[in-house]
Amino acid sequence: MPPSRFSKEYIDHLNSPYWKGICKQASARAHGLCERCRKRPARDTHHRHYNTFGHERLEDVLAVCRECHDILEVEKKAEREERNWNSRVEGWAAKKYGRGWEGYRDPCEVEREFEAWLERKGEY
């Protein structure tokens, strides 16, 4: 997990010669165009993931326009929220039904049960 976007560590990294070099390489790879839409100039560099934060490789980033960067960030947030939700459902189901529950329980039904459980607890 990367440091917060507003932390000194994160800001220092974005101002580092290393990050600026990665951004320059990504822009050159894209010939200055957004690698998502291929229509607008690439002005930002987007982390595909943060597994290599601070040691990014060129394949870890995309040169993108501001509009596409905003879209990618929303998509990344939605994916993260979905993974978190799925982890919660799976953890709850493992406690209720035991490991391997996926082999004999309908995942959609288990998710509905989990939602009902959250509602009873007042958390949904």
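The values are calculated or read from the model by the stated rules, or taken from the named source; none is laboratory data. Since the model is a prediction, treat every value here as computed from it, not as a measurement. Here Cβ is always computed from backbone atoms with ideal geometry, including for glycine, and neighbour counts include all displayed protein chains.
Side notes on the structure shown:
- Filter result for R43 (out of contact with any Leu (no Cβ under 6 Å at 6 or more places or on another chain) and more than 21 Å from K77 (Cβ to Cβ)): no
- Subset of the stretch 39-63 [among the hydrophobic types (A, V, I, L, M, F, W, C) and within 16 Å of L14 (Cα to Cα)]: F53, L58, V61, L62, A63
- Within the option set L72, L33, L62, being in contact with a Lys or Arg (Cβ under 8 Å, 6 or more places away or on another chain), surrounded by 13 or more Cβ atoms within 10 Å (Cβ to Cβ) and under 15 Å from I22 (Cα atoms) holds for one residue only, L62.
- Number of positions in the stretch 59-109 that are part of a loop (DSSP other than H, G, I, E, B) and touching a residue at least 12 places away in the same chain (Cβ under 8 Å): 2
- Scope the stretch 22-51; condition assigned to a loop (DSSP other than H, G, I, E, B), in contact with a helix residue (DSSP H, G or I) (Cβ under 6 Å, 6 or more places away or on another chain) and modelled with pLDDT of 95 or more; matching residues: C34, R36, C37, A42, R43
- Failed criterion for K121 (all others in (1) under 21 Å from R5 (Cα atoms); (2) without any contact (Cβ under 8 Å) to a residue 12 or more places away in the chain; (3) of a type in the set (K, R) hold): (1)
- Counting only residues that are of a type in the set (F, W, Y) and closer than 17 Å to L118 by Cα, the stretch 52-96 holds 2 of them.
- Odd one out for E75, checked against (1) within 30 Å of E35 (Cβ to Cβ); (2) charged (D, E, K, R); (3) more than 16 Å from the chain's Cα centre (by Cα); (4) not assigned by TED's automatic domain parsing to the domain that holds H31: (3)
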